[in-house]
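To start, the structure itself, in structure tokens.
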Amino acid sequence: MSAAGGLAPRSEGQTYRVAIIAALVLVVMAPVGLIIYQSFLGAPFFDKTARLSLEAYDYVLTDPDFWIALRTTAIFAFGLVAVAVPLGAMLAFLLSRTDLVGKRWLEPVALVPMFLSSIVLAFGYTVAVGPSGFVSLWMKETFGFKPWSIYSLGGMILIGGLSHVPNVYLYVSSAMRSLPSDLEEAARAAGASIWRVSLDVTLPMVLPSLIFAAALNLLLGFETFGIPLVLGDPSGIVVLTTYIYKVNGIFGTPTYHVMAVVAVALILITLPLVYVQRLLLRNSRRYAAVGGKGARATPLRLGPAGQAIAWSVIALWLIISVVLPIGGITVRAFVDAWGEGVRLRDHLTLAHFAHVLDTPSLYRGIVNTLLLAVIGGAFAVAIYLAVGLAGHRNKGPSGALLDYMVLLPRALPGIIIGLAFFWLFLFVPFLTPLRPTLVSLFVAYTVVGLSYGLRIIQATLMQVAPELEESSRTTGASPMRTWRDTVIPIIRPGLVGAWSLIMIVFLREYATGVYLMGVGTEVVGTLMVSLLTSGSMDQIAALAFLSIIFTALGLGFALRLGARIHD
Amino acid sequence: MTDLSVANVEKWLGGNHILRGASFEASRGTIVALLGASGSGKTTLLRCIAGLEQPEGGRIEIGGNVVLDSARGVALPPEKRNIGLVFQSYALWPHRNVFDNVAYGLKLRGIEGQEARTRVMAILEKLGLGHLSERFPDQLSGGQQQRVAICRALVYEPRVLLMDEPLSNLDAKLREDARYWIRKLILELGICAIMVTHDQAEALAMADHVLLLQNGVIVQSGSPIEMYSQPATFYAADFLGANNVLRGKLTGACAIGGEGWSLDGVVRETRPLAVGEEARAVVRTERISIVSGPGENHLQMQVDACLYLGSAWEYRLSCGALSMKAHGADQLPPGPVWCAVPRDAVWIFGADGAA
């Protein structure tokens, strides 16, 4: 009966909302607007001779390499979905609906690939199963041949797919957890085997979340940068993001207009995907509301044979997607020579780390990364909270606008957001002094993490029952006072959890800094990208290892705080 | 003195007309109950008074101040209305202990320190909660939470106390006690209280004035006794009490009958009824008694079943197509009995589906 209605319109809360949403529109639309503007210029925007033209579009649309890159990107993205969705759904079923042995500790381990940046993962695969990787060499030594090649589109798809399994797992498992188990028990009682139950009952019930996960991963596939850069580039396989990255090198001069056109093309693909996701999410919530009434989760019994089969599949997946890359990096970071007939034990060394710490730029990179993640992460959460409150119980048109503004950055790969902010910090006079500081990176990171961070904050805010706010209002507190005295104190634990998750997001970020990073503002992830060009594998290995350690610490911190990875 | 005046409040939600011009007044030292089935708009009306919902039309005054006037574009937010609201779920703030929950309203009004302490402790003591002031809401029982919620809404002496189903989350025994002490407390404090309830016993026992809502309209208002004994419409007659609804035809100016039965009664329908017209009669079950033989307005009926309710027996009676329920102290064997239905207990209404 008591549907949440609109409160009195002319309150101080409304003024706050309008101000915050206007600021958000500015920060999100400015880079997008600049990219679109640049794409219609014949030269870089700061060039005095630049004027409106379709020259860049003409160049890109007639460049066969662009079309090849577009085709490759599409194949990669769909391939990734085809690998990740079935595996993720199966993993979700086994971990959330069955009595699989050891599922309690398996879950955090299974999520690991999601928390590592794809540049670290891709590098891990290179040193483990690449042409001269540890495992490849061992294969050759033992069997005399190596039956795979990861520097191929197939290899990229497989690795990309496996590393995106956790993204599918998260969405599908949270849908499965809210499924009342009596539906499955009824099917078992009627004589269905556990595999039949999963196919005939569980799967159709969670179909909306499955479709959502597929759309999300398709989007991530179109935006991936690390895997194609590390694995595709050596054999000349180019996708749209690496096309943007490479196009400068082809011309030798800044080709901002060409980069902008490719960015626009990418946005035209990703924006509809984001829109579709929004529709799906709305529908799947409606769908879930039908079932989830005090879901009592009685796990399905797998039996000895089932346990054995399930564990072999999971173990294989874990070895390929966790043990191989992380093991490869760990070994690579501590040895100075390897190859056929070389005993790794004789070549253990800490020299790579010493070298990293001795090199000022690399050392600064570590410090900056930690600063951005820990302090920047806290500021970002404060900003997300300010935005979250502006949208909290805001049913008006400004609330809908906020929703779209938050989704928009999702359609932008990190590399493009970084590029746009780089331009913005060049273009806007009063921002120029901030460009060579960490502030520029912080702003870009905050926009990159906006939709993820806001989703966590919104989920936390929704846990505050509306009556708790209404009772504060009827007791005599204004909306702002209610937020300060009631809402924020109640969600404080959730905010700390959000901080830890944003920390991880900022730790692993690498693409955003590709253009923004300069002397003094190095960050670990982006340093790995630039070291890749010079082939300094020793330093990359050390940095990748440190990056894994930082992420592990952040993840440990998050789990300790009971952060809800499931949202 | 009129502390609350509600006039022609109109509220739409989506395409639904939730409130269709509700009007009433309430004064100091009285309790008004908004009674109705779910979906009747009673909670929406309360939330409109509190300022938690924004009505499309109407005028509301609290303590002489206009808090809503759609014609002049006045709509004060809840915090400016000087009200106290007790929520159905109590809505105690989980991060504050009992003392701080109650003291918050004073703090917002600039009352802190010793004076706040005295006032908070006074009201907590009054409701027997003095020893719990350091506890947090999750350490309290449901009944204690409810009393804290009432303290919190009363401590700053609002002009109007609003209560949304204040008893619905209590178990049956506590609820009966609460009816008594909440009424006593409000009368003692001499404030104006409005409560929403779907429970007729609660409304009749606690309120001085009952407003019966149906589809966003106040269909009848009056004292509990008037509401129960002189219903103006079929809906009001049927909503209150435990009833038999008899369907038949008007067989005389003041009589209703069907195949094999006929009863004299009183016509309570507002429009004139014609003899021979389809009609309905409402008879409260407690007005039917079992008698030894025929007489005026006695019917011979068949005992179909006899159910034991603990405090009494419920008889299931029938006579052809007519069936009725009645109560009595003794078990009856199946078979024919005579029932007495007093003339003034047979309320005759028209048969149209208007209500």
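The values are calculated or read from the model by the stated rules, or taken from the named source; none is laboratory data. Being a predicted model, the structure only gives us computed values, none of them experimental. Methodologically, a virtual Cβ is constructed for each residue, glycine included, from the backbone with ideal geometry; neighbour enumeration extends over all protein chains shown. Please note that ligands, DNA and RNA were not included when accessible areas were found on the heavy atoms of the full protein model with its side chains. Shrake-Rupley method; radii C 1.70, N 1.55, O 1.52, S 1.80 Å.
Close amide H contacts of B:ALA326 (hydrogens built in the peptide plane, cut-off under 5 Å, sequence separation of 5 or more or a different chain): B:TYR315, B:LEU317.
When peptides A:390-403, B:109-122 are sorted by average Cβ neighbour count within 10 Å, with the highest value leading, the order is A:390-403, B:109-122. Label sites at A:LYS246 and B:CYS306, each approximated as a point 7 angstrom past Cα along Cα to Cβ, lie 9.7 nm apart. How many percent of the accessible area of the range A:323-441 is carbon or sulfur, using a 1.4 Å probe? It is 72 percent, rounded to a whole number. Computed from phi, the 3J(HN,Hα) profile of the range A:529-535 under the Karplus parametrisation 6.51, -1.76, 1.60 (θ = phi - 60°) reads 4, 6, 5, 4, 5, 8, x Hz, with x in place of Gly and Pro. Entry note: the range A:328-398 has Rg to Rh equal to 1.38, where both radii use alpha-carbon atoms and Rh is the Kirkwood radius. Each peptide in A:37-46, B:208-217 receives the mean, over its residues, of other Cβ atoms within 10 Å, and ordering these scores from highest gives B:208-217, A:37-46. Shown here are the Rg and Dmax of the Cα trace of the range A:25-92, at 18.7, 57 Å. Taking every protein chain into account, the 1.4 Å probe leaves A:VAL230 with about 10 Å² of accessible area, to the nearest ten. Within the shell defined by Cβ-Cβ distances under 11 Å, the residues around B:VAL155 carry a net charge of +4, with Lys and Arg each +1 and Asp and Glu each -1. Mean partner shielding of peptide B:49-56, defined as the number of other chain Cβ atoms within 10 Å of each residue Cβ, is 4. The Rg/Rh ratio for the range B:161-294 is 1.08, where Rg is the radius of gyration of the alpha carbons and Rh is the Kirkwood radius. On a per residue basis, the protein assembly as shown carries 42 Å² of accessible surface, using protein heavy atoms and a 1.4 Å probe.
Once the C-beta distance of A:ARG301 and A:ALA552 is scaled by a Förster radius of 41 Å, the resulting FRET efficiency is 0.75 to the nearest 0.05.
Neighbouring Cβ atoms from other chains, within 10 Å of the Cβ of residues in A:476-485, number 4 on average. In terms of distances greater than 31 angstrom between alpha carbons, the cross-link table entries A:LYS103/A:LYS395; B:LYS173/B:LYS325; B:LYS80/B:LYS126; B:LYS11/B:LYS249; A:LYS48/A:LYS246; B:LYS184/B:LYS325 yield A:LYS103/A:LYS395; B:LYS11/B:LYS249; B:LYS184/B:LYS325. Applying 1/(1 + (r/R0)^6) with R0 = 56 Å to the Cβ-Cβ distance of A:SER235 and A:LYS103 gives a FRET efficiency near 0.90. Annotation: amide H-H contacts under 5 Å for B:GLN220 (H modelled 1.01 Å from N, sequence separation of 5 or more, or interchain): B:LEU212. The order of the peptides A:362-372, A:437-447 by mean Cβ neighbours within 10 Å, most packed first, is A:437-447, A:362-372. Taking all Cα-Cα distances within the range A:412-478, those exceeding 16 Å account for 62%.
Average the reciprocal distances over every distinct pair of alpha-carbons in the range A:80-170, invert the result, and give the Kirkwood radius in Å. Don't skip to the end; give the middle numbers.
Numbers: mean 1/r = 0.0693 Å⁻¹.
One decimal place: 14.4 Å for the Kirkwood radius.
Shielding value for B:78-85 is 6, the average number of Cβ atoms from other chains within 10 Å of each residue's Cβ.
Between A and B, buried accessible area summed over both sides at probe 1.4 Å, in Å² to the nearest 100? Display every interim value, and only then the final one.
Values: alone 24900 and 16210 Å², together 38570 Å².
Adding both sides of the contact gives about 2500 Å².
Each 20 Å bin from zero holds the following percent of Cα-Cα pairs in the protein assembly as shown: 12, 32, 29, 18, 8, 1. Accessible-area loss of 40 Å² or more (1.4 Å probe, protein heavy atoms, chain alone versus all protein chains) is found in the range B:95-142 for B:HIS95, B:TYR104, B:LEU108. Were the residues from B:GLU226 through B:TRP313 laid out at 0.36 nm apart, the gain over their Cα-Cα distance would be 28.5 nm. With everything on Cα atoms, drop me the angle between helix B:142-154 and the longest principal axis of chain B, reported from 0 to 90° to the nearest 10. So the inclination is approximately 60 degrees.
Size descriptor for the range A:446-567, Kirkwood hydrodynamic radius: 16.9 Å (Cα pairs only, one decimal).
Dividing the convex hull volume of the alpha-carbon atoms in chain B by its residue count gives 168 Å³ per residue. Between 0 and 90 degrees, the angle of helix B:113-126 with respect to the longest Cα principal axis of chain B falls at about 20 degrees.
For A:LYS146 and A:ALA74, a Förster radius of 35 Å and the Cβ-Cβ distance give a FRET efficiency of 0.75, rounded to the nearest 0.05. Computed in the context of the full set of protein chains, the accessible area of chain B at 1.4 Å probe radius has 49% of its extent on carbon or sulfur. Using the Cβ of B:THR44 as centre and a radius below 10 Å, the other residues enclosed give a net charge of +2, where K and R count +1 and D and E count -1. Under 5 Å from the amide H of B:TRP261 lies no amide H of any residue 5 or more positions distant or on a separate chain, with H modelled from the backbone and absent for Pro and chain starts.
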